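Below you'll find the structure, written out as structure tokens, and then a few comments.
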Amino acid sequence: MGTFFAVVAKGLLGALFAGLTASLIGLVGLYVYLSPNLPSVDRLREVQLQEPLRVYSKEGVLIAEYGNKRRIPLEIETTPQRLIDAFLASEDDRFYEHPGVDYQGILRAVVHLIKTGKKGQGGSTITMQVARNFFLSSEKTYLRKINEIFLSFKIEKELEKNEILELYFNKIFLGHRSYGVAAAAQVYYGKTLSDLSLAEMAMIAGLPKAPSRYNPITNPKRAVIRRNYVLGRMLTLNKISQTDFDEAKARPVTAQRHQAPSDLEAGYVGEMVRNWVSKNYGKKEVYSQGLRVYTTINAEQQRVATWALRKNLLAYEERHGYIGAVAQLSAEQLQEANGIELALAARPHFEKILPVVVTAVEKEAASIQFQAGNSAELKMKGMKWARKRLRRGRGPSPKKPADVVAVGDLIYVYANQEGEYRLAQLPKVEGAMVALNPQDGAIQILLGGFEFQRSKFNRVMQALRQPGSNFKPFIYSSALDKGYTAATLINDAPVVVNDSALEGAWRPENYSGKFFGPTRLRWALAKSRNLVSIRILRAIGVDYALNYVERFGFERKDLPRNLSLALGSASVTPIQLATAYATFANGGFKIEPYFIERIEDAHGEVIYRADPAVVCLPCEKEAAKRAMAQASDEPIEVAVLDESEANESEPKPNYAPRVIEARNAFIMRTILQDVVRYGTAVRAKVLNRRDLGGKTGTTNDQHDAWFSGFNSHLVATAWVGFDKHIPLGAKETGGRAALPMWIEYMRFALKGVKEDRLLEPDGMVTMLIDAETGGLAGASARKTLFEHFRSEYAPQAQAENGEVSVPMGAARLEESQELQEEELF
């Protein structure tokens, strides 16, 4: 009997050995057959993860990111250990023990197949998931599984465990376009990995099994079940304590969809970059290549400018009265546990301007609650401006908080400099501001509206508006080019022009409605005299002026061919005006605005770098010396400015072309400085700088309010108006509606910047003149002043008859010069 069992046992062992040997031979044969087609693991070391397009300021502050896949690459060394524990507990607790394949898991899968007759999940280690995610499909076939197993062995043989884990954390899909755990932390919680709580880590660790089914946003109940399973596994594996488990399990679901993070609010710039890169690098490719675009935007200046614009538009609303609460919450909403929070979450939030709900109204203040649940006090002095807006004008001033707000009102507030809250009314009026470096055109700040998400229309680049008096300097510059001087007298008197397009004659007026008689050109621009501007344009000719102002970058098709051009009836954008004013700021050169400094690929290699045309006065002088040297027999010493000029093989520097004479630019700049000192922009004197020049602009019926100003370092244009071209209201001039935000921005931007030292170009003289005649000052002159002249247009000494002899261009424009209809059209 014993012999029988021994024989049977021996036979069974032999059969088993034969079976194992046959299986081993089969596996070896299968490996030999499949291994040539297995991908090289080296590709994992060189893998290029699909990353979105990211846009930064010039300092490297994130502005925006664009792409179908949200991914934030991480290194395993910086990954929180508790997050690693959560994923291993959920997905592969024997990861550091098995050779890439967990035999226990495979046996579970085999048992499942025997019991149910169906293929199912089981035994899929993190290494196998890496193999599948990078090289194989996710279909459930025997061949794919075998390939996955062999490839996992290969990966484990050639890569360290932490390298495999890092690949996994960066590649795994976790729902809502998030790829990788760092992206998931941002998408679901708006946090970095190190800021996640245990409950949040467990929630994310539960997603790989089924990102849609266990998604905390779309399926919070199932997500909680899965999260608690992960926490239980961590407790079983002694990765967390019982207290940790109980606290995390009790936490509510806090996940919600978060947009890509932005450290700098510059949505209009981000969209400009996205369009430019898509056009130049392909629409599909740019969103996954990990390109990093560094703009010319100054982050701190952009932040200051954003608040300056918003505060300016809020101030406009205050001047025109309070419309009322945005919404009124019902008694039921106020009593519900999350009623106020839900109502506020549905409203847009702006930096510093936040929605709140009034929860109580007392004698001197109102209590307000924010979305986060914290409360504050809105004092009466923060609401005192809120006179009711009427069809015409405003109602009486409120005496107590109840005159303005009621319990349940959903309103907006912002904190003033003292930290006290002030009632805010979201503006219907819009604004824009842009600033650039006049030496090379680099855009420093750009705000295309009150807020990008509220309106994506970029008014800096796209809004064609009438500039009003902001356009006058270009007409005056063309007059100087024609031979006039800053001392030329022009009669500020009524003008009547017959216009066949109107029912009657055109009778333009000064803003004040007054007339001031003979006025020097300088003073006329400083005081923005409309009638003088019309007479100047009539005298030099509309066609001459049109040809001249094109030098500044204005497009002929947007310029009217009639005398209304003198009052700014052209159609221009803020960026066009800022670029044009840069010519005055830099001494007469035409620069082109640009906003991308460089583009780097995902490896940090620069694939594009801007090459702007730059202003170079020394280069111009050296070029003049060379010209003189060529024309003269005598040698003239000429400096070599840089190696690129000495070495013909090097690319030549890109210098900005001169478009107006240096002396013209100098005189215009001194006149525009007088606009700040004595004229319509006198408010800017608060900056206490002598190097600032600029010009206000207000169109008919106050449809548009402008201010453009500059020094040698910076030029900025500010605009305020309604998109629907309705009037801003009485007294809403450029000096009132637009200039304040320009002042606030420039105060910060020029802090610590030395004042310009303005030097006269060659070929100029400064002379003492009679302020009334524009000629040389005589003994009988009642008021005298110094004026700059180009040498050939300087007034001459008095003749024997006592009259001043002046060049033709400096002559007085007589009142008898009438404007004829044929000259207007």
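The values are calculated or read from the model by the stated rules, or taken from the named source; none is laboratory data. Note that the structure is predicted; figures quoted are calculated from it, not measured. For neighbour counting, all protein chains shown are included, and Cβ atoms are generated from backbone atoms with ideal geometry for every residue, glycine included. Please note that ligands, DNA and RNA were not included when accessible areas were found on the heavy atoms of the full protein model with its side chains. Shrake-Rupley method; radii C 1.70, N 1.55, O 1.52, S 1.80 Å.
Measuring nothing but protein heavy atoms, the accessible surface of segment 142-264 at 1.4 Å probe radius is 50 percent carbon and sulfur.
Among the protein heavy atoms, those of Ser241 account for about 50 Å² of accessible surface (1.4 Å probe, every chain in place).
Per atom type, segment 273-350 shows carbon and sulfur on 50% of its accessible surface, probed at 1.4 Å. In the full protein context, segment 385-507 carries 40 Å² of accessible surface per residue, based on a 1.4 Å probe and ignoring ligands, DNA and RNA. A crude spin-label estimate for the pair Ala372 and Glu592, with each label 7 Å from Cα along the Cβ direction, gives 4.7 nm. Rounded to the nearest 0.05, the FRET efficiency derived from the C-beta distance between Ile607 and Arg319 at R0 = 60 Å is 0.75.
Averaged per residue, segment 675-756 has 41 square angstrom of accessible surface, using a 1.4 angstrom probe with ligands and nucleic acids left out. Residue order by solvent-accessible surface for Tyr544, Tyr66 is Tyr544, Tyr66, largest first, with ligands and nucleic acids left out and a 1.4 Å probe. With a Förster radius of 60 Å applied to the C-beta separation of Ser791 and Ala402, the computed FRET efficiency comes to 0.25. Using the structure shown, list the pairs from Lys161/Lys221; Lys456/Lys754; Lys191/Lys456; Lys58/Lys482; Lys695/Lys724; Lys381/Lys456 with a Cα-Cα distance above 31 Å, or answer none. Pairs exceeding the cut-off: Lys161/Lys221; Lys456/Lys754; Lys58/Lys482; Lys381/Lys456. The listed residues Tyr608, Tyr96 rank as Tyr96, Tyr608 when sorted by accessible area, largest first, using a 1.4 Å probe. Using a Förster radius of 56 Å, what is the FRET efficiency between Glu285 and Asp246 based on their Cβ-Cβ separation? Nearest 0.05, please. So, using R0 = 56 Å, E works out to roughly 0.70.
Surface listing: Trp742, Trp276 arranged by accessible area from highest to lowest gives Trp276, Trp742, probe 1.4 Å. Put simply, when 183-192, 570-579, 771-780 are sorted by average Cβ atoms within 10 angstrom per residue, most first, you get 570-579, 183-192, 771-780. Taking amide H atoms as placed 1.01 Å from N in the peptide plane, the amide H of Gly441 has no partner under 5 Å among residues 5 or more positions away or on other chains. Structural descriptor for segment 407-498: relative contact order 13 percent, calculated from alpha carbon pairs under 8 angstrom and at least 6 residues apart. Across segment 435-449, rounded Karplus estimates of 3J(HN,Hα) from the backbone phi angles (6.51 cos²θ - 1.76 cosθ + 1.60, θ = phi - 60°) give 9, 9, 7, x, 8, 8, x, 5, 6, 8, 9, 8, 10, x, x Hz, Gly and Pro being marked x. Rolling a 1.4 angstrom probe over segment 496-591 with all protein chains present gives an accessible area of which 47% lies on carbon and sulfur atoms. Among the GluC sites (Glu not before Pro) in segment 292-359, those located in a DSSP loop and surrounded by at most 15 other Cβ atoms within 10 Å of their own Cβ are Glu336, Glu351. Each Cα pair under 8 Å and six or more residues apart adds its separation to the average, and for segment 334-400 the resulting relative contact order is 20 percent.
Qualifying GluC sites (Glu not before Pro) in segment 148-189, where qualification requires a DSSP coil assignment and no more than 10 other C-beta atoms within 10 Å, comprise Glu160. Here's how it looks for Asp409: its modeled amide H is under 5 Å from those of Leu329, Val358, which are all 5 or more places away or on a different chain.
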